[in-house]
Each structure stands twice: as C-alpha cells, then as structure tokens.
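Written below as structure tokens is the structure these notes are about.
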Amino acid sequence: MTTDPERLMQFLYAIRSKGVTDKRTLEAMEKIDRGRFVKGLFAERAYEDMPLPIACGQTISQPSVVGLMTQALNVQPRDKVLEVGTGSGYQAAILSCLARRVYTVDRHRRLVREAKKVFDALDLTNVTAFSADGSHGLPDQAPFDRILVAAAAEDPPGPLLAQLKVGGIMVLPVGQSDAVQSLIKVTRTETGFDYDELRPVRFVPLLEGMGQDD
Ligand code: SAH
C-alpha cells in the first residue's frame with residue numbers, strides 16, 4: 001500500500017528512472033494509490049512497474065507508461081480531457097489531478113461501473129465515466145484540449161482528430177495489435193496535424209462496438 005513510504009518511494013523511483021521527470025505528473029502519481037485500481041490476487045503487485053490483468057480480459061497499463069503518456073500530454077489546469085479506454089480508471093484518476101474536467105469512456109460497462117466506484121471513494125468529482133465505443137469520441141462533450149487513447153488503433157481515429165481543439169494534443173498508441181506499436185503525439189495546428197513518434201509500446205487493441213461480457 002502507498003501507506004508504506006518505502007514502497008511508494010521505490011514505485012516513484014522506477015517511474016522516474018524510465019524518463020518521467022515532469023513534476024506535476026510525479027505529484028499526481030504519488031497522490032493516486034494504484035492499489036485502489038487493482039483487485040484480488042494482483043493487488044499485491046500494484047507498486048511494481050508492470051501492467052496487470054483487470055476484469056473483462058483487459059489490463060491496467062504499466063505505471064511508467066501512464067507517466068510518460070501523461071507527461072507527453074502536457075495537461076493544463078483549465079483543460080477538458082478525453083480518455084478512451086477507462087480500464088481500471090487509474091489513468092483517468094491521474095489526469096483528474098491535472099485537468100479541470102476529465103471524460104473517460106470504455107466499451108466494457110462493467111469496467112466503467114467499477115471505475116466509477118473508485119472515483120467516488122477517492123472523491124474525484126471532476127471525472128465522468130461513460131460506457132461507449134470511444135473510437136467515435138464523445139461528440140456531446142467535444143471539442144477537447146487533450147485526448148489520451150489507451151488502446152491501439154492502426155491509425156488515429158478520424159472522429160478523435162476532429163474533436164481535438166486547435167493547439168490541442170492527443171497521445172495514443174498506433175499500429176497492429178499483435179505487433180509492437182508506436183506511442184505517438186499528435187498536435188493540432190491551425191492548418192493540420194503534427195505527428196511525433198515517442199517510443200515503442202504494447203497496448204490492447206481499440207475495438208469497435210460495445211463489449212459483450214458484462
Ligand atoms: N487506461 C486504463 C488501461 C486501459 S486498457 C487504466 O488506467 O487502467 C484499454 C481499455 O480500452 C480496455 O479497458 C478496453 O476495454 C478499452 N477499449 C478498447 N477499445 C475501446 C473502444 N473502442 N472504446 C472504448 N474503450 C475501448
């Protein structure tokens with residue numbers, strides 16, 4: 001548990017040593033207890049820098065990857081952020097410490113239900129979670145200052161590009177689901193989009209439609 005200061009220090013050290021240096025990101029990761037988002041057998045391993053299984057055959061991302069994505073997103077205090085792929089809710093909770101408002105969506109209703117309970121328990125009142133196919137974005141809440149996608153598509157989905165404000169940033173993994181993917185940062189300019197490749201990653205695929213197993 002993060003009440004154990006030594007474990008928390010080791011957790012933060014591992015994240016920093018993988019290149020997460022942004023102060024606000026590290027503060028958010030110090031504050032949000034990853035142990036709250038991992039259940040059952042794996043809860044013991046919540047402070048290791050590893051992805052872990054969650055319900056519905058999905059995974060909570062590796063903490064250093066959460067840190068690197070959060071840092072690359074460069075969230076500002078007034079920002080409205082969309083996350084696609086709520087999963088456990090951990091990444092959304094980190095974003096909620098940095099942004100004005102966070103919307104997060106997952107195609108598995110059960111994951112959204114469970115994540116909402118943790119947001120309530122932690123009193124994170126600026127996060128709203130929806131069950132939806134996030135590849136269409138959230139037209140009713142658009143446009144967004146920042147978008148983070150936690151599942152890999154072959155290319156950045158058109159609706160998400162369209163829902164990004166000018167000057168806005170989207171961070172997402174792209175590539176085939178069974179191969180190594182690239183984490184990329186897309187910045188919307190007045191005239192188009194700039195693309196930066198950040199590093200190789202491995203994420204579950206961004207799938208169409210709603211999950212069937214809940
Ligand atoms: N951010 C999560 C990890 C997410 S794993 C965390 O911090 O724990 C990726 C998630 O993306 C899975 O929960 C999966 O159900 C979801 N997903 C895949 N395709 C999706 C889609 N089209 N719309 C919404 N969620 C999707």
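Numbers at a glance
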{"quantity": "Near pairs, Cβ below 9 angstrom, 6+ apart or cross-chain, from region 174-199 (over 22 Å from residue 62 (Cβ atoms)) to any residue that is part of a loop (DSSP other than H, G, I, E, B) and open to solvent by less than 50 Å² (accessible area, probe 1.4 Å)", "calculated": "193/156; 195/156"}
{"quantity": "The one condition in (1) in contact with a Leu (Cβ under 9 Å, 6 or more places away or on another chain); (2) under 18 Å from residue 128 (Cα atoms); (3) outside any loop (DSSP other than H, G, I, E, B) that residue 26 fails to fulfil", "calculated": "(2)"}
{"quantity": "Cβ-Cβ under 8 Å pairs, at least 6 apart or on other chains, region 63-89 side without any contact (Cβ under 8 Å) to a residue 12 or more places away in the chain, far side within 13 Å of the ligand (Cβ to nearest atom)", "calculated": "none"}
{"quantity": "Scan of region 170-198 for residues that are more than 16 Å from the ligand (Cβ to nearest atom) and at pLDDT below 95, ordered by number", "calculated": "179, 180"}
{"quantity": "Counted residues, region 116-131 - those being open to solvent by 20 Å² or more (accessible area, probe 1.4 Å), within 12 Å of the ligand (Cβ to nearest atom) and touching a Lys or Arg at 6+ places or on another chain (Cβ under 7 Å)", "calculated": "1"}
{"quantity": "Positions within region 138-150 being among the small types (Gly, Ala, Ser) and either part of a strand (DSSP E or B) or crowded, with 21+ Cβ neighbours inside 10 Å (or both), in sequence order", "calculated": "150"}
{"quantity": "Selection count where residues are in contact with a Pro (Cβ under 8 Å, 6 or more places away or on another chain) and free of Cβ contacts under 8 Å to residues at least 24 places away in the same chain, scope region 51-62", "calculated": "1"}
{"quantity": "Pairs, first among the hydroxyl-bearing types (Ser, Thr, Tyr) in region 125-136, second in a helix (DSSP H, G or I), C-beta under 6 Å, six or more apart", "calculated": "131/109; 131/112"}
{"quantity": "Considering residues of region 52-92 that are surrounded by fewer than 16 Cβ atoms within 10 Å (Cβ to Cβ) and more than 15 Å from residue 127 (Cα to Cα) only, the residue modelled with the highest pLDDT", "calculated": "76"}
{"quantity": "Among (1) over 14 Å from residue 207 (Cα atoms); (2) open to solvent by less than 30 Å² (accessible area, probe 1.4 Å); (3) assigned to a strand (DSSP E or B) - the single one residue 166 does not satisfy", "calculated": "(2)"}
{"quantity": "Any hit, region 118-133, residues being touching a strand residue (DSSP E or B) at 6+ places or on another chain (Cβ under 9 Å), of a type in the set (Gly, Ala, Ser), closer than 19 Å to residue 61 by Cα and not in a strand (DSSP E or B)", "calculated": "no"}
{"quantity": "Selected residue (only one of 107, 113 is within 14 Å of the ligand (Cβ to nearest atom), at pLDDT 95 or above, basic (Lys, Arg) and crowded, with 19+ Cβ neighbours inside 10 Å)", "calculated": "107"}
{"quantity": "Test result for residue 97, open to solvent by 10 Å² or more (accessible area, probe 1.4 Å) and under 15 Å from the mean Cα position of the chain (by Cα)", "calculated": "yes"}
{"quantity": "Region 113-152, residues that are aliphatic (A, V, I, L, M) and in contact with an Asp or Glu (Cβ under 7 Å, 6 or more places away or on another chain)", "calculated": "148, 150"}
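Per-residue answers, yes or no, for (1) over 23 Å from residue 202 (Cα atoms); (2) among the β-branched types (Val, Ile, Thr):
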residue	(1), (2)
11	no, no
16	no, no
20	no, yes
30	yes, no
38	no, yes
46	no, no
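The values are calculated or read from the model by the stated rules, or taken from the named source; none is laboratory data. For clarity, every value in this text was computed on a predicted model and none was experimentally measured. As a convention, Cβ positions derive from the backbone with ideal geometry for all residues, glycine included, and neighbour counts pool all protein chains shown. Areas reflect the complete protein model, heavy atoms only, side chains present, ligands, DNA and RNA absent. Shrake-Rupley method; radii C 1.70, N 1.55, O 1.52, S 1.80 Å.
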